[in-house]
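Asks: Before we start, here is the structure in question, set down as structure tokens.
The values are calculated or read from the model by the stated rules, or taken from the named source; none is laboratory data. All values derive from a computational prediction rather than experimental measurement. As a convention, Cβ positions derive from the backbone with ideal geometry for all residues, glycine included, and neighbour counts pool all protein chains shown. Areas reflect the complete protein model, heavy atoms only, side chains present, ligands, DNA and RNA absent. Shrake-Rupley method; radii C 1.70, N 1.55, O 1.52, S 1.80 Å.
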Amino acid sequence: QVQLVESGGGLVQPGGSLRLSCIASGIAFRSNAMSWYRQAPGKEREFVARISNGGGDINYADSVKGRFTISRDNTKNTVYLQMDSLKPEDTAVYYCNTRSVPFVYWGQGTQVTVSS
């Protein structure tokens, strides 16, 4: 059974930082690209960042480029999202994602709220 468990969300002031973690089980973690998505209230879920299985290929949404950093530790089956210079518009539920064709797996999400 595949499980993705996110943690690290919370309330932070604008300009602050948070680090999200996602621990994966039930998959060959070293073989899977991992992604982060987010969904703000009243909006569709959107792509945030992706990292290849070996970590050498990374992509970001334009809205977070230069502020967020995705990384992974294959010895811990964990993917991270370091979020700096946070803005109120970054407020959303953040989800961990991976795919193993034909299946797509999601975590339960972790809430990030950026507010003064």
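Asks: Using r as the Cβ-Cβ distance of R19 and K43, and R0 as 35 Å, what FRET efficiency do you calculate, to the nearest 0.05? Walk me through the numbers before you get to the answer.
Replies: Details: r = 23 Å, r/R0 = 0.67.
The formula returns an efficiency of 0.90 here.
Asks: At 1.4 Å probe radius, can you tell me the per residue accessible area of the chain in Å²?
Replies: Ligands and nucleic acids excluded, the figure is 53 Å² per residue.
Asks: Now, a different point. If packing is taken as the mean number of other Cβ atoms within 10 Å per residue, what is the order of 62-69, 101-108, 46-53, 85-92, highest first?
Replies: Top of the packing list down: 46-53, 85-92, 62-69, 101-108.
Asks: Further question on the same structure: Can you work out the PRE-style zone for S85? Point 7 Å along Cα to Cβ, and I want the residues of the stretch 48-69 with backbone N under 11 Å.
Replies: 64-68
Asks: Then there is this: Starting from the Cα of K43, draw a straight line to each of the lysines and keep only those under 29 Å, dropping any in the same chain fewer than 8 residues away.
Replies: Candidates past the 8-residue exclusion: K65, K87.
Asks: Among G42, G16, G54, determine the one that fluctuates most according to a GNM of the chain built with springs between C-alpha atoms less than 10 Å apart.
Replies: Of G42, G16, G54, the Gaussian network model singles out G42 as fluctuating most.
Asks: Give me the net charge of V112's neighbourhood, meaning all other residues with Cβ under 9 Å from the Cβ of V112; Lys, Arg count +1, Asp, Glu -1.
Replies: 0
Asks: So who's got an amide H within less than 5 Å of the one on G16, skipping anything under 5 residues away but keeping other chains? H placed 1.01 Å off N, in plane.
Replies: Excluding prolines and chain starts, which carry no amide H, the hits are L86.
Asks: Could you tell me what percent of the accessible area of the chain is made up of carbon and sulfur, with a 1.4 Å probe and every protein chain present?
Replies: 47
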